[in-house]
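A.B. asks: Pasting a structure here, questions to come.
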Amino acid sequence: MATHREPGLGDAGGVRGFWRQGRVWGVRRSLFVALGVLLSSLLGVGTAMANPLGQVTEFAIPTGNSGPEGIAAGPDGNLWFTEAVGKIGRITPNGQITEFPTPTPGSLPVGITAGADGNLWFTEQGADRIGRITPSGQISEFAVPTAGGAPTGIAAGPDGNVWFTEFDTDKVGQITPSGQITEFQAAANSAPGAIAAGPDGNLWFAEVNTGKIARIGVGSLTPVMSVYATDLAGNDISQYSVASDGALVPRAPIAAGGAPDGIAVSPDGKSVYVADSADGIVSQYSILPGGALVPKTPATVRRVPGRSGWPRTRTARAST
């Protein structure tokens with residue numbers, strides 16, 4: 001049976017052309033405004049930078065006409081975004097932007113998401129690769145097995161892996177924290193685009209050409225166990241995933257103030273609280289799917305009289 005595909009979807013002037021070329025200025029302008037709205041809402045909570053409701057604040061990107069596309073909150077408390085010119089951007093809560101070029105020319109980064117391993121993952125539509133960038137800006141790239149796939153949407157899955165769509169080859173991919181990729185076939189001529197993790201434990205994605213929403217299962221899941229430990233010497237929180245054999249797999253540590261010496265997980269398993277005896281404060285961190293920690297804004301939930309001393313509670317664990 002023949003499948004009807006709307007004219008223009010496969011050329012540089014259609015939907016596929018927008019994702020590949022990144023030159024539809026009306027949509028580009030909307031994306032830039034959406035970036036400003038998201039930043040103003042995220043950065044304004046509990047800070048002196050709060051904007052009146054509906055007021056948009058814009059932050060100029062150092063590279064002109066860079067084509068910002070995707071954006072995601074990072075585990076370092078900053079926001080990270082993709083630029084169609086082949087760069088990944090990082091913007092701090094005060095609006096300072098740093099850019100990191102991708103190793104492969106013509107990579108055309110599109111989607112970006114925070115992974116359970118404490119890094120940011122992004123799609124390279126022009127290079128058929130999945131990129132990973134650490135909070136310090138180090139980039140690694142992993143080639144998608146099927147050439148010409150044009151990876152587009154990307155999201156962290158409930159299984160601790162990252163999932164992405166392949167717009168031109170009608171596939172959905174899964175990539176592990178170590179970079180191993182598995183592909184799954186979607187409906188023919190469906191053009192999978194945006195993808196997100198659902199509350200039901202599955203991944204959901206949009207089929208641009210069919211006008212449908214599709215669901216893909218992640219298989220049999222086991223709880224992802226994480227362990228957190230305060231480090232007085234390094235003034236940070238150490239993070240570990242627990243492998244199936246019980247081994248601890250380290251994640252990137254997260255800075256935690258002057259003397260973090262007490263730690264506990266909330267009863268609902270969604271937050272971690274850290275006591276800092278040097279500064280006399282208790283700080284809160286959200287636990288992302290997969291176990292990575294992200295500072296809450298504002299992070300300080302209580303200020304108490306502090307005093308130096310040996311840690312009383314050094315480790316905590318959580319299932320996500």
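Condition check ((1) more than 15 Å from Phe122 (Cβ to Cβ); (2) hydroxyl-bearing (Ser, Thr, Tyr)) across all residues:
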residue	(1), (2)
Ala143	no, no
Ala156	no, no
Thr165	no, yes
Gln174	yes, no
Ser178	yes, yes
Glu183	yes, no
Ala191	yes, no
Pro199	yes, no
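A.B. asks: Can you pull out the residues in the stretch 202-235 that are in contact with a Pro (Cβ under 9 Å, 6 or more places away or on another chain), modelled with pLDDT of 90 or more and assigned to a strand (DSSP E or B)?
C.D. replies: Hits for the stretch 202-235 are Leu203, Phe205, Ala206, Glu207, Ala214.
A.B. asks: Out of the strands (runs of 3 or more DSSP E) lying entirely within the stretch 237-320, which hold 3 or more residues that are modelled with pLDDT under 70, surrounded by fewer than 18 Cβ atoms within 10 Å (Cβ to Cβ) and in contact with a Gly (Cβ under 7 Å, 6 or more places away or on another chain)?
C.D. replies: 293-303
A.B. asks: Continuing with this model, one more query. Yes or no: Ala187 surrounded by fewer than 20 Cβ atoms within 10 Å (Cβ to Cβ), of a type outside the set (S, T, N, Q) and either farther than 15 Å from Ala116 by Cβ or within 18 Å of the chain's Cα centre (by Cα) (or both)?
C.D. replies: yes
A.B. asks: Determine whether the stretch 157-169 contains at least one residue that is modelled with pLDDT of 95 or more, open to solvent by 40 Å² or more (accessible area, probe 1.4 Å) and either closer than 18 Å to Arg129 by Cβ or assigned to a loop (DSSP other than H, G, I, E, B) (or both).
C.D. replies: The answer is yes; a qualifying residue exists.
A.B. asks: Does Ile139 satisfy the criteria of being open to solvent by less than 30 Å² (accessible area, probe 1.4 Å) and hydrophobic (A, V, I, L, M, F, W, C)?
C.D. replies: Taking the combined requirement at face value, the residue does not satisfy it.
The values are calculated or read from the model by the stated rules, or taken from the named source; none is laboratory data. From a predicted model like this one, the values you see are computed outputs, not experimental measurements. Every residue, glycine among them, receives a Cβ derived from its backbone with ideal geometry; neighbour counts consider all protein chains shown. Remember, those area values only see protein heavy atoms, side chains included, never the ligands or the DNA or RNA. Shrake-Rupley method; radii C 1.70, N 1.55, O 1.52, S 1.80 Å.
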